[in-house]
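Shown next, in structure tokens, is the structure this report addresses.
Laboratory data are not the source of any read-out in this text; all were calculated from the coordinates shown. Fair warning: this is a prediction, and the values are worked out from it, not measured in the lab. A quick note on method: Cβ atoms are made from the backbone with ideal geometry, for glycine too, and the neighbour counts reach across all protein chains shown.
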Amino acid sequence: MPAKSKAQQKAAGAALSAKRGDTKKSELKGASRDMYESMSENQLEDFAHTKHKGKPEHVDR
């Protein structure tokens, strides 16, 4: 499932970094913390590697 916005992509990238041990889980906030806890590493990779050309910065829910 691809990210729908640049903000979602950035949050997934932060969560993925923590999953891999590159950053501390305690440094995550908001959506990235939720993603870390609820998504697998493969799911986070799909979100983080989405092409961001043409994506809006934020999307309303």
Taking region 20-43 and keeping only residues that are more than 16 Å from residue 7 (Cβ to Cβ), outside any loop (DSSP other than H, G, I, E, B) and of a type in the set (S, T, N, Q), one is left with 26, 38, 42, 43
Which of (1) crowded, with 17+ Cβ neighbours inside 10 Å; (2) in contact with a helix residue (DSSP H, G or I) (Cβ under 6 Å, 6 or more places away or on another chain) is the odd one out, the single condition residue 31 does not satisfy?
(1)
Given the conditions (1) without any contact (Cβ under 8 Å) to a residue 24 or more places away in the chain; (2) hydrophobic (A, V, I, L, M, F, W, C); (3) touching a Ser or Thr at 6+ places or on another chain (Cβ under 8 Å), report the number of the one that residue 11 does not fulfil.
(1)
Tell me which of these residue 58 doesn't satisfy, since it passes every other one: (1) assigned to a loop (DSSP other than H, G, I, E, B); (2) surrounded by 12 or more Cβ atoms within 10 Å (Cβ to Cβ); (3) in contact (Cβ under 8 Å) with a residue 24 or more places away in the chain; (4) not hydrophobic (A, V, I, L, M, F, W, C).
(2)
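From the list 34, 46, exactly one residue is under 12 Å from residue 9 (Cβ atoms) and within 13 Å of the chain's Cα centre (by Cα). Which is it?
Values: 34 fails: under 12 Å from residue 9 (Cβ atoms).
The unique qualifying residue is 46.
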Taking region 1-19 and keeping residues part of a loop (DSSP other than H, G, I, E, B), surrounded by fewer than 18 Cβ atoms within 10 Å (Cβ to Cβ) and either within 8 Å of the chain's Cα centre (by Cα) or of a type in the set (A, V, I, L, M) (or both) leaves 1
